[in-house]
Every structure is written in C-alpha cells, then in structure tokens.
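The structure appears right after this line, and notes come after that.
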Amino acid sequence: MDLKSLIRTIPDYPKPGIMFRDVTTLLADAQGFKAAIARLAEPYRTEPIDLVAGIEARGFITAGAIADRLGCGFVPVRKKGKLPWKTIRQEYALEYGTDVLEMHEDSLARGRRVLIVDDLIATGGTAEAAAKLIRQLGGEIIGAAFLVDLPELGGAAKLEGLGIKVHALMKFEGH
C-alpha cells in the first residue's frame, strides 16, 4: 500500500511557501491507518519497550495505537498547562519564539525503555524537547518513530546526533 499517496499536501499553509503535510487523510483511511501503525511498530516488535511517549496532538493518535500493538503503556507529552498533576517542563524553539512541553513528574520510572512517537518530524525541536524530558525522568530512549520526515529541515539528523534512532515511514522534500 502506498501510504504517501494518502497524505494530503496543502500549499501555503500556515503561511506562504510552506507545503503542509496533512496526515488526517491517512488516519481517516482504515486500511492506510492500520498499515501505517503496523509499519511504525514493526522495528520495535522484539524490543522490550515499556512505554510509548506520544507528543501532542496528532502524535497521541499514532502513539496510542502503537502502544496497544506493542503491548506497552502510553504516556502523553503535552503542551504547557494541559496536564492536571505535578509536571516537569522543557522549553523549545519555534520559528518565532518558544513553546513548552510537559510531562507528569511521575509518568515514568527510572530505567523505563521509551519509544517517542509523533506524526511528523521537521526541525526536531519538539521531539528533542520530549527526549530531554524523558531523560530527565531517567528514561532510556529506544527510538523515535514518525509517519513523515521532512529531511531538508534536519530534525531526524538532529535526533540521531543525540543518539536517538529515527524511524520514519515516508519522506517529503521541501518545507
């Protein structure tokens, strides 16, 4: 199945010159979604993964399904102010400013093996922030999995430079 054909491209969104890769069209296709989850989970099928960390918001969708497939737990990595308990936080750079990701301070125990999942990797700032939070809590990052990689933006290379193996199902050139 050609999963790449199920991704809708929206030109000039959210601003001129950007080619937005919309994964909601893949998620809405039952067979495409099932195939994507199977392919994302496959490299980790024999790994002893304790938790899948899903990055808000579309990362929750794929991360939850992967956690179920791998028979492990799910932990959310959320934007500031969305979690109800005590949190740790990590600031990260955006194109125009900064944002913050948070995790519950008791969301994983030291030594837990964690797979990071999001829908797309672009510059890698969000995934790097999630990795820092997981490591701060003592987690061991087994890898990071994404539906889409935008290689020109360097996010996958950034994560690999941090010692994190990256698995992406498809690559799209451009921004």
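The values are calculated or read from the model by the stated rules, or taken from the named source; none is laboratory data. From a predicted model like this one, the values you see are computed outputs, not experimental measurements. We place every Cβ from the backbone using ideal geometry, glycine too, and count neighbours over all the protein chains shown.
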#### Entry: Only listed residue being farther than 18 Å from Ile49 by Cα, among the aliphatic types (A, V, I, L, M) and buried (at least 22 other Cβ atoms within 10 Å of the Cβ), chosen from Leu115, Leu94, Leu159, Leu153
Leu159
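I'd like the full set of residues that are over 17 Å from Arg78 (Cα atoms) and out of contact with any Cys (no Cβ under 9 Å at 6 or more places or on another chain), limited to segment 49-65. Full working, then the answer.
Step one: filter segment 49-65 for residues over 17 Å from Arg78 (Cα atoms), giving 49-50, 65.
Hit for segment 49-65 is Ala65, nothing else.
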### Query
Can you name the residue in segment 4-26 that is touching a Leu at 6+ places or on another chain (Cβ under 6 Å) and farther than 13 Å from Asp149 by Cα and, of all such residues, is surrounded by the fewest Cβ atoms within 10 Å (Cβ to Cβ)?
Thr25
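Report yes if some residue within segment 96-105 is part of a strand (DSSP E or B), of a type outside the set (A, V, I, L, M, F, W, C) and over 15 Å from Thr126 (Cβ atoms); otherwise report no.
Let us first name the residues in segment 96-105 that are part of a strand (DSSP E or B), namely 97-104.
Now drop any that are not of a type outside the set (A, V, I, L, M, F, W, C), which leaves 97-99, 102, 104.
Filter once more, keeping what is over 15 Å from Thr126 (Cβ atoms): 104.
Scanning segment 96-105, I find at least one residue that is part of a strand (DSSP E or B), of a type outside the set (A, V, I, L, M, F, W, C) and over 15 Å from Thr126 (Cβ atoms), so the answer is yes.
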#### Entry: Cβ-Cβ under 9 Å pairs, at least 6 apart or on other chains, segment 1-20 side of a type outside the set (A, V, I, L, M, F, W, C), far side modelled with pLDDT of 95 or more and part of a loop (DSSP other than H, G, I, E, B)
Lys4/Phe172; Arg8/Val23; Thr9/Phe172
### Message
Considering only segment 7-21, I want to know if a residue exists there that is within 24 Å of Gly125 (Cβ to Cβ), in a helix (DSSP H, G or I) and among the hydroxyl-bearing types (Ser, Thr, Tyr).
### Response
no
## Note on the structure
When segment 27-49 is checked residue by residue, the ones that are among the polar types (S, T, N, Q) and either assigned to a loop (DSSP other than H, G, I, E, B) or buried (at least 17 other Cβ atoms within 10 Å of the Cβ) (or both) are Thr46
### Message
Condition first: under 18 Å from Leu147 (Cβ atoms) and either surrounded by 19 or more Cβ atoms within 10 Å (Cβ to Cβ) or without any contact (Cβ under 8 Å) to a residue 12 or more places away in the chain (or both). Can you find one or more residues in segment 77-89 that meet it?
### Response
yes
### Query
In segment 111-143, what count of residues is obtained for those that are assigned to a strand (DSSP E or B), closer than 19 Å to Ile88 by Cβ and touching a Leu at 6+ places or on another chain (Cβ under 6 Å)?
1
### Task
Search segment 50-86 for residues being assigned to a helix (DSSP H, G or I), over 21 Å from Gly138 (Cβ atoms) and among the small types (Gly, Ala, Ser), and hand back the single one that is nearest to the chain's Cα centre (by Cα).
Gly59
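What number of residues within segment 3-28 satisfy the criterion of being more than 17 Å from the chain's Cα centre (by Cα), farther than 28 Å from Ile142 by Cβ and not aliphatic (A, V, I, L, M)? If you could, list the steps in order and put the result at the bottom.
Taking segment 3-28 first, the residues more than 17 Å from the chain's Cα centre (by Cα) are 3-6, 8-19, 25, 28.
Next cut, farther than 28 Å from Ile142 by Cβ only: 5, 8-19, 25, 28.
Still in the running and not aliphatic (A, V, I, L, M): 5, 8-9, 11-17, 25.
Residues in segment 3-28 being more than 17 Å from the chain's Cα centre (by Cα), farther than 28 Å from Ile142 by Cβ and not aliphatic (A, V, I, L, M): 11 in total.
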